[in-house]
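Colleague: Here it is, the structure, as structure tokens.
The values are calculated or read from the model by the stated rules, or taken from the named source; none is laboratory data. Please read all numbers here as calculations on a predicted model, not as lab measurements. Note that we place each Cβ from the backbone using ideal geometry, even for glycine, and neighbour counts take in every protein chain shown.
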């Protein structure tokens, strides 16, 4: 079964995430694929994350397909205009890549080419609408295609940014124009996430698309400190910071925290799955999935 079919069947799904290399070395993707194959339902391929040049998301997704792992191709609005976006999407469809996650993209000033010109011809809501229009068989120009792609459309949401009500409105816009699944920012504040989910349920949004809660396993207190200081919209429960600082084995503590959070998320009404983001720690994925009781 594909990710789309599993969600339609009501299964609690697990997605992973993989960062491509800063080179054309396909073996990096193939090696990392082994950490996800048979463990998760699909794997996100980031699109030049943090505005740093990496092997393209579409090429990496094709390599994952060859390795027997279902990919989710990320596409950001930062680097392409609507012509390039639609062209790349058609290329992805031609290679059998159907899952697309539509994102705004990190600003180039945070990356290794701060002097680069950003594009942002479309925003993430408009990109979702564009991919949905292509599913219907039309380009944005109105040109009808002889063969329409069958995309499964995803988008992102940040339950922790202020004001919360505006974040819910933006989420609803994405769902209205075609988002079929939503992946959230990492959850380190369960109370805040529960409140966000309450608002999601109050509008019935959880019945219109699949909400996949983000989970980022960490190996050190320093990583949590950095995220709290530097990542906009990130909220971390003080308890987790203290546990990581006090632990003699922070990596083990990071795994325990990840499993605890996943267990709570799994029991939360409206959450249809989790999205694991093991940044530079892909090898921990099988253990977390197994200890959380989610092994296939």
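Colleague: Every residue in segment 21-37 that is in a loop (DSSP other than H, G, I, E, B), touching a strand residue (DSSP E or B) at 6+ places or on another chain (Cβ under 9 Å) and either modelled with pLDDT under 95 or farther than 27 Å from residue 209 by Cβ (or both), please.
Modeller: If the condition is that a residue be in a loop (DSSP other than H, G, I, E, B), touching a strand residue (DSSP E or B) at 6+ places or on another chain (Cβ under 9 Å) and either modelled with pLDDT under 95 or farther than 27 Å from residue 209 by Cβ (or both), then 35 is the only one that fits.
Colleague: Residues in segment 111-121: is at least one farther than 24 Å from residue 10 by Cβ, modelled with pLDDT of 95 or more and touching a strand residue (DSSP E or B) at 6+ places or on another chain (Cβ under 9 Å)?
Modeller: no
Colleague: Out of (1) in contact (Cβ under 8 Å) with a residue 40 or more places away in the chain; (2) in a helix (DSSP H, G or I); (3) surrounded by fewer than 20 Cβ atoms within 10 Å (Cβ to Cβ), what's the single condition that is false for residue 83?
Modeller: Condition (1) is where residue 83 drops out.
Colleague: Here's another thing I want to ask about it. Tell me which residues, restricted to segment 104-119, are under 13 Å from residue 75 (Cβ atoms) and buried (at least 17 other Cβ atoms within 10 Å of the Cβ).
Modeller: 105, 119
Colleague: Could I ask something else about it? What are the pairs, 6+ residues apart or on separate chains, where a residue within segment 35-63 that is touching a residue at least 60 places away in the same chain (Cβ under 8 Å) and on the phi > 0 side of the Ramachandran plot has its Cβ under 7 Å from a residue that is surrounded by fewer than 23 Cβ atoms within 10 Å (Cβ to Cβ) and part of a helix (DSSP H, G or I)?
Modeller: Here the result reads 50/110; 51/108; 51/110, each pair linking segment 35-63 to a residue that is surrounded by fewer than 23 Cβ atoms within 10 Å (Cβ to Cβ) and part of a helix (DSSP H, G or I).
Colleague: crowded, with 16+ Cβ neighbours inside 10 Å, touching a strand residue (DSSP E or B) at 6+ places or on another chain (Cβ under 7 Å) and farther than 26 Å from residue 39 by Cβ - does that describe any residue in segment 236-248?
Modeller: Checking segment 236-248: at least one residue is crowded, with 16+ Cβ neighbours inside 10 Å, touching a strand residue (DSSP E or B) at 6+ places or on another chain (Cβ under 7 Å) and farther than 26 Å from residue 39 by Cβ.
Colleague: Taking segment 64-75 as the search range and keeping residues that are surrounded by 24 or more Cβ atoms within 10 Å (Cβ to Cβ) and without any contact (Cβ under 8 Å) to a residue 40 or more places away in the chain, which one is farthest from the chain's Cα centre (by Cα)?
Modeller: Applying the filter and picking the extreme gives 69.
Colleague: Scanning segment 258-281 for residues that are in contact with a helix residue (DSSP H, G or I) (Cβ under 8 Å, 6 or more places away or on another chain), crowded, with 21+ Cβ neighbours inside 10 Å and at pLDDT 95 or above, which turns out farthest from residue 223 (Cα to Cα)?
Modeller: 271
Colleague: Follow-up question, since we're still on this one. Would segment 58-68 turn up any residue that is more than 29 Å from residue 110 (Cα to Cα) and not in a loop (DSSP other than H, G, I, E, B)?
Modeller: There is at least one residue in segment 58-68 that is more than 29 Å from residue 110 (Cα to Cα) and not in a loop (DSSP other than H, G, I, E, B).
Colleague: Please work out which residue is surrounded by the most Cβ atoms within 10 Å (Cβ to Cβ), limiting yourself to segment 135-165 and to residues that are assigned to a helix (DSSP H, G or I) and at pLDDT below 95. Explain how you work it out, then say what you get.
Modeller: Narrowing segment 135-165 to residues assigned to a helix (DSSP H, G or I): 135, 164-165.
Filter once more, keeping what is at pLDDT below 95: 164-165.
Values: 164: 15, 165: 9.
It comes out as 164.
Colleague: So which of 101, 65, 89 is touching a helix residue (DSSP H, G or I) at 6+ places or on another chain (Cβ under 7 Å) and either modelled with pLDDT of 95 or more or under 27 Å from residue 14 (Cα atoms) (or both)?
Modeller: 89
Colleague: Is it the case, given these coordinates, that residue 101 is surrounded by fewer than 21 Cβ atoms within 10 Å (Cβ to Cβ) and either in contact with a strand residue (DSSP E or B) (Cβ under 6 Å, 6 or more places away or on another chain) or not in a loop (DSSP other than H, G, I, E, B) (or both)?
Modeller: Considered against the rule, which asks whether it is surrounded by fewer than 21 Cβ atoms within 10 Å (Cβ to Cβ) and either in contact with a strand residue (DSSP E or B) (Cβ under 6 Å, 6 or more places away or on another chain) or not in a loop (DSSP other than H, G, I, E, B) (or both), residue 101 comes out as no.
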